């Protein structure tokens, strides 16, 4: 708005003030406005998943990963209603030493699977991501083919949490992916340590990706992981590394013969391959399919899945009990005092634990009485 200035007075004929421009609006008129994300009911989530809607599936997985108790309750309803439509995929666990080329291998094998007409979901377990913020997002960018494929769903792991919590969320995500029509599921272990055990407990076939030419190959991997493996793929068998890869293959085959025969009755195989040059990837997939056929015929396939179902029931109970205990405000206050007493050797570890548990069970008992 233009205001009168004294310089415009007729007494000052040589002076004037231009009107200038109008005051610009406070909001940028060119800025795009985004609509709020729609609120989905449980029925909306389930229907969207069954229809194969990738956006709804992604939102449902985010719901599973949420720490909000309200979200957790709804997520459990969604998972429960999707269960009757799940269980029809082949679940493949993939682990390997750092630098073994897991991302390239998954992209190469996955693109072959997608090209054959199947639908693939790639998930990850990364319990270390709460500290390091993880690297699976970087892995996703290296999956050049799968990350843009309409028949592939690549999902980074939860951003934080204990191994048990992250693993449970991944297992529930498998259910949703299967209900959405994905008939093949890859579960990659990104962290190290016990994450291999968690992956093994939710997949049908456990593949170990190994490297050659790194010294004593058998020292590069734990015996426990070797025993869990249903097959070993020695990657990067190309160029000057071919002889080393073949030598490593013989070493691993000899080592596997020293282990007891697995409960499945399947003798793990060792295959050399190159994800970069796409050689022998078809042999790795054939090994996986042969295993599936073999274990389905002898009944081990379904027996293992039933055992896994029981395992995750107990794991979920353990996780919920731990959360309930440590999130109790009275317990939180007592823990700090007892830790101080432990530092001063005023109480034993066992006495402190029993004191905490007694108080916790008293709180629970009183709540039950109030009902």
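Bear in mind that the values in this text are calculations on the coordinates, not laboratory data. In this text, all values refer to a predicted model and were calculated from it rather than measured experimentally. Using ideal geometry, Cβ is built from the backbone for each residue, glycine included, and neighbour counts are taken over all protein chains shown.
Compared with the direct C-alpha span, the chain from residue 335 to residue 286 gains 12.3 nm at full extension, assuming 0.36 nm per residue. When every Cα-Cα distance of segment 264-307 is counted in 10 angstrom steps from zero, the calculated P(r) takes the values 27, 41, 24, 8 percent. Across segment 222-358, Cα pairs under 8 Å and at least six residues apart give a relative contact order of 19 percent. Shown is the FRET efficiency for residue 342 and residue 68, computed with R0 = 22 Å from the Cβ-Cβ distance and rounded to the nearest 0.05: 0.05. The smallest convex shape that holds all Cα atoms of segment 255-331, its convex hull, gives 168 Å³ per residue.
Using R0 = 56 Å, the C-beta based FRET efficiency linking residue 257 and residue 23 works out to 0.10. Residue order for 197, 104, 184, fewest other beta carbons within 10 angstrom first, comes to 197, 104, 184.
Note on residue 47 and residue 116: the extension gain reaches 22.1 nm, defined as 0.36 nm multiplied by sequence separation minus the Cα-Cα distance.
Remark: 358, 107, 290, 238 ranked as 358, 290, 238, 107, counting other beta-carbon atoms within 10 Å and listing the fewest first. At 1.567 mPa s and 4 °C, plugging the Kirkwood radius over alpha-carbon pairs of segment 305-371 into Stokes-Einstein gives what diffusion coefficient in µm²/s? It comes out at roughly 94 µm²/s. Over the C-alpha atoms of segment 219-268, the Rg to Rh ratio, Rh being the Kirkwood estimate, stands at 1.01.
To the nearest Å, what is the center-to-center distance of segment 244-314 and segment 338-370, using C-alpha atoms only? Going from one Cα centre to the other spans 47 Å.
Subtracting the Cα-Cα distance of residue 240 and residue 277 from their residue separation scaled by 0.36 nm leaves 12.0 nm.
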